[in-house]
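Working notes for the structure below.
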């Protein structure tokens, strides 16, 4: 069984209400959410977010931004995005929450969250906590393969422009 390292049920309750969480995460029909199902979905949502974030941040940086279930970090928007991913994943497991197109109830929030996390990992969105990612911090420097020469635009003999004749 998976254990979430960042999110808790409280993150879900604050997004979609406790009653809706009970409805979506209930598997045995008693009207109450099963904690094992919550933990599994939260861990899956965190995994989806981490798959994008770890391209640019270390796990320690992500933990500093998001925090843990007992101690929230300064980046509440990233925490919320992870929670919306979990809400969509959970709604896709219940037939009554799936639309005719196969998407869950929170698909719009899910896609917005994934897009924003992707932008954050590429340096297109700043983190409220001020964490520098590998790209914006200058730690990723593409290099040429061994023996490969850099491409340089050569001046064209037919053009007066020194920039390759464009």
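FYI, it's all coordinate maths here, none of it is from the lab. No experiment lies behind these values; they were computed from the predicted model shown. We place every Cβ from the backbone using ideal geometry, glycine too, and count neighbours over all the protein chains shown.
With the simple model of a label 7 Å out from the Cα in the direction of the Cβ, residue 19 to residue 93 spans 2.3 nm. Which residues does a label at residue 63 reach in segment 4-33, if reach means a backbone N under 18 Å from a point 7 Å past the Cα toward the Cβ? Answer for segment 4-33: 4-8.
Estimated at 0.36 nm per residue, the fully extended path between residue 32 and residue 44 surpasses their Cα-Cα distance by 2.3 nm.
Give the calculated FRET efficiency between residue 10 and residue 101 to the nearest 0.05, with a Förster radius of 25 Å applied to their Cβ-Cβ distance. Could you put the intermediate results ahead of the total?
Numbers: r = 31 Å, r/R0 = 1.23.
Using R0 = 25 Å, I get an efficiency of 0.20.
Work out, step by step, the length gained on full extension between residue 145 and residue 72: first 0.36 nm times the residue separation, then minus their alpha carbon distance; give nm to one decimal.
On the way: separation 73, 0.36 × 73 = 26.28 nm, distance 4.28 nm.
This chain segment gains 22.0 nm when fully extended.
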